[in-house]
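Data first, discussion second: the structure below is written as structure tokens.
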Amino acid sequence: MRPDDPFDDAVTARAVIAADGTLARWSEGARLLLGHTAEEVVGRPAAVLLAEGPAPSRLPAARWSGTLALRHRDGKTVTVWVLAHRRRPADDGPGEWLAVTPLEATDQELPDDPLVRTAVFQSPCATMVFDEGLRLRGVNDAMAHLLGLPAPHLRGLRPTDVGGRPQHAELERQLRQVLRAGRPQDMQTYMKATSESRPHAWLARLAPLTDRSGRVRGVCVTAHDFSEQYLARERLQLVNEASIRIGTTLDVARTAQELAEVCVPALADFVSVDLLEPEEPGGEPTGPLTTPVSLRRVAHQSLTPGSPEAVARVGEVVVYPEAAPQADSLIAGHSIAASVPSGDLDPWLTVDEARARQVREFGVHSMLSVPLQARGTTLGVAAFTRFARPEAFTHDDVLLAEEVTARAAVCIDNARRYSRERETTLALQRSLLPRTLPRTAAVEAATRYLPAARSGVGGDWFDVIPLSGMRVAMVVGDVVGHGIQASATMGRLRTAVRTLADIDLAPDELLTHLDDLVLHLSHESDGDPGAGEVGATCLYAVYDPVSRRCTLSRAGHPSPVLIPPGGPARHLELPSGPPLGLGGLPFESVELELPDDAVLAFYTDGLVESRGRDTEAGHVLLREALSHAAGPLDETCDRVLHTMLAPDGATDDVALLLARTRGLPSAQVATWDIPADPALVAPVRKQVLEQLATWALTEASFTAELVVSELVTNAIRYGAPPIRLRLIHDASTLICEVSDTSHTAPHLRRAKTWDEGGRGLLLVAQLTQRWGSRHTADGKTIWSELALADEM
């Protein structure tokens, strides 16, 4: 026999009975008791060993003990006490039975002193003693009561003979360690002893027993019920776990779900969280509560997959009548525990048949309702239900539920306040961003804006601004910080950019003026502690479809990406100007020629810095995502966001603007150099009419002739040569431009009754859709736009 295999121990008779009732193993102790060898009985039905009467007709699920009359090999009857328990295999099959009977079932060896003998037997501390072979030498009355077995019959048994639970095998393993090392050990377990009605926490102290020479001769095991300490530790652990797991996000529903998940199964078998509905969207619950109370189910969790115990689904409105514990606890403002056996729930279940049916079906016996309160406001109620755990809620359970719920209520209130502020900021942000992009002949554009998922709405913005001469400005910016202040600052900067763009400033000049504005806003906020830092980055570009040239300048902003038709994406090398708000440093512009169908990608840094990667890796990934931008720009935007951002959203605001260039064919542009002679205005008008006829725009001839005549006459009279006239048209607009080298800008004025002049620009303003002037490097250009659709 192997030293670590106690089955063939000769002092205890052991037999293993398979699930089909045949003998699977037979020990040496069993041979000594009944005379049969293993070869003679293994594989035969165990019932053949019974001398008289049938075997127990019904065995319990785990253990059986009693007296049996067995047949000896020589024919005599041997009456013995037998202990049998089921041993389940690892694959959770039917298992087998281990039947044991000690061969030395005599009185236990105890000290001669009768007082000591009495103390050992009657000590309230459950005690048992094992010898060097891990055989049980004796137990006192307290231990025999816990085991539910007669003390005289236990002598000679091993721990695994007494029961087949994992705790018995673990005890045997630790007993062997104590015998080997000679040092005491402690073993903790949570289990229900045979004589107990419910589980307890047990601390088993294993101490070596030595003789006078110091040799270890056995082990004494004493079992102590430390359920109170164990439960206190479990409650403290639940509170600590709640502080870690509840409130990981600023989402109300997720926070409520975290409360339910933490408390199942540690505190209850089913937990539901219902919140009061505010009177106004984004507001707080107000006013006195009266029954019936209407709440919205935001979360629930159950031991059973799918939460079949739930009467309401998440998102549904639940109405609780006066008799419901949820309504009573909300109105009373404190926790209410109720149980089915006591009849506390009868008034409620009488009027709610669906809930009564669930209570009967799942065996619900106890319920605890705790109001969710934070900062003096009642937010809702958490209901804890027990049906699998037999114990009702105790006073300590109520205190624990209130502690965990109070923490969760603060987190839910924070999430609700944050959600309200976020929705307000997001509404402000979206109202300040362009709702639709203008349709221009110069570019086809598509945009995306995503607020930060966790850090709050920021100040990212984009814009597409039509300029004179069919040109278009594209801008992307990013304000420092998050929240309402950042959104408000973004709105002011976007308005300033549109105003500066309207006077046709060059990109570097526009950023210089914008830098001055940010400096002014920063000085204004110095005395306001809640304003925060004022700063921004910006990229401004102007594309001219006639020349197919694009001028770009940036202030601390990431460089754009250019995707040529059929070519790989690449970053444009632009001078890195300082962020807006530093002041004193110049901005530089770069001009480049773009082919038709080239795509420019403007973005904010939240796009490339997502998922915790470094900026360079983000730029590489962005170029890869943009390499196939030949299709619709909206699809390209979606693909870029899917590639660059995590599934749970961006960590910072993201603004993305894609623009595909469209050059204007030279056939749609006509240019004339005008001599500074008023007598030549009439031939110019004639040339214009001929050009309009070539373009099949004769319907606009009358208006265009008047506008050209007035603008050319003014340039000859008040400007400086050389003078140039240019006509540009697309499907919907005709543009008339007159340029000269004078830097004096015209002004619209109201002519007096007897004035001979002063009405020309007023006439232009009345006849055209819009007009204006822009300064150039050589002088100025006066322009006007005629809407062809309106004329036709």
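For the chain, a simple Cβ point-charge model (Lys and Arg +1, Asp and Glu -1, everything else neutral) yields a dipole of about 1900 debye relative to the Cα centre.
Take the Cα of H513, step 7 Å toward its Cβ, do the same at L762, and the gap between the two points is 2.8 nm. For T194 and V78, a Förster radius of 22 Å and the Cβ-Cβ distance give a FRET efficiency of 0.25, rounded to the nearest 0.05. Here S431 and H520 are evaluated by their C-beta separation; at R0 = 25 Å the FRET efficiency comes out at 0.60. A crude spin-label estimate for the pair R44 and E322, with each label 7 Å from Cα along the Cβ direction, gives 7.8 nm. Highest mean first, the peptides 23-30, 72-79, 215-222 sorted by other C-beta atoms within 10 Å per residue fall in the order 23-30, 215-222, 72-79.
Along the axis of the charge dipole computed for the chain (Cβ charges of +1 for Lys and Arg, -1 for Asp and Glu, origin at the Cα centre), the listed residues P199, H571, P466 are led at the positive end by P199. Taking label points 7 Å from Cα along the Cα-to-Cβ direction, R212 and R420 give a separation of 8.4 nm. Selection among V359, A232, A388 by position relative to the dipole of the range 231-422 gives A232 as farthest towards the positive end (Cβ unit charges, Cα centre).
At a Förster distance of 45 Å, what's the computed FRET efficiency of D502 paired with R313, Cβ-Cβ distance as r, to 0.05?
0.25
Under the convention that each Lys and Arg Cβ holds +1 and each Asp and Glu Cβ holds -1, the size of the dipole of the range 533-647 around its Cα centre is about 100 debye.
With axes computed from alpha carbons, what is the tilt in degrees of helix 227-245 against the longest principal axis of the chain, rounded to the nearest 10 within 0 to 90? Once rounded, the angle reads 10 degrees.
Oblate is the label for the range 114-225, because the ratio a/c of its alpha-carbon gyration tensor axes (a ≥ b ≥ c) is 1.5 or higher and a/b is not greater than b/c.
Which length gain, in nm to one decimal place, applies between Q167 and I331 when the Cα-Cα distance is subtracted from 0.36 nm times their residue separation?
54.3 nm
Would you please classify the overall shape of the range 433-661 from the alpha carbon gyration tensor, given that a ≥ b ≥ c denote the square roots of the eigenvalues, rounded means a/c under 1.5, and beyond that prolate means a/b larger than b/c while oblate covers the rest? Oblate is the answer for the range 433-661, as a/c is 1.5 or above yet b/c matches or exceeds a/b.
For the chain, the longest principal axis of the C-alpha atoms and the axis of helix 252-263 are separated by about 10°. Of all aspartates and glutamates in the structure, the ones whose alpha carbon falls short of 18 Å from that of K76, not counting any fewer than 8 places away in one chain, are E40, E52. Taking packing as the residue-averaged number of other Cβ atoms within 10 angstrom, the listed peptides 543-549, 42-48 run from highest to lowest as 543-549, 42-48. In the range 666-791, taking the dipole from charged Cβ atoms about the Cα centre, the farthest positive-side position among A704, L761, T694 is held by L761. Restricting the calculation to Cα atoms, the chain shows an Rg/Rh of 1.26 when the hydrodynamic-style radius is the Kirkwood one. When the Cα gyration tensor is reduced to axis lengths a ≥ b ≥ c, the ratio a/c is 1.5 or higher for the range 231-422, and with a/b not above b/c it is classed as oblate.
Readers should treat all values here as calculations from the given coordinates under stated rules, not as data from a laboratory. Please read these numbers as outputs of a predicted model, since none were measured by experiment. Every residue, glycine as well, gets a Cβ built from its backbone with ideal geometry; the counts of neighbours run over all protein chains shown.
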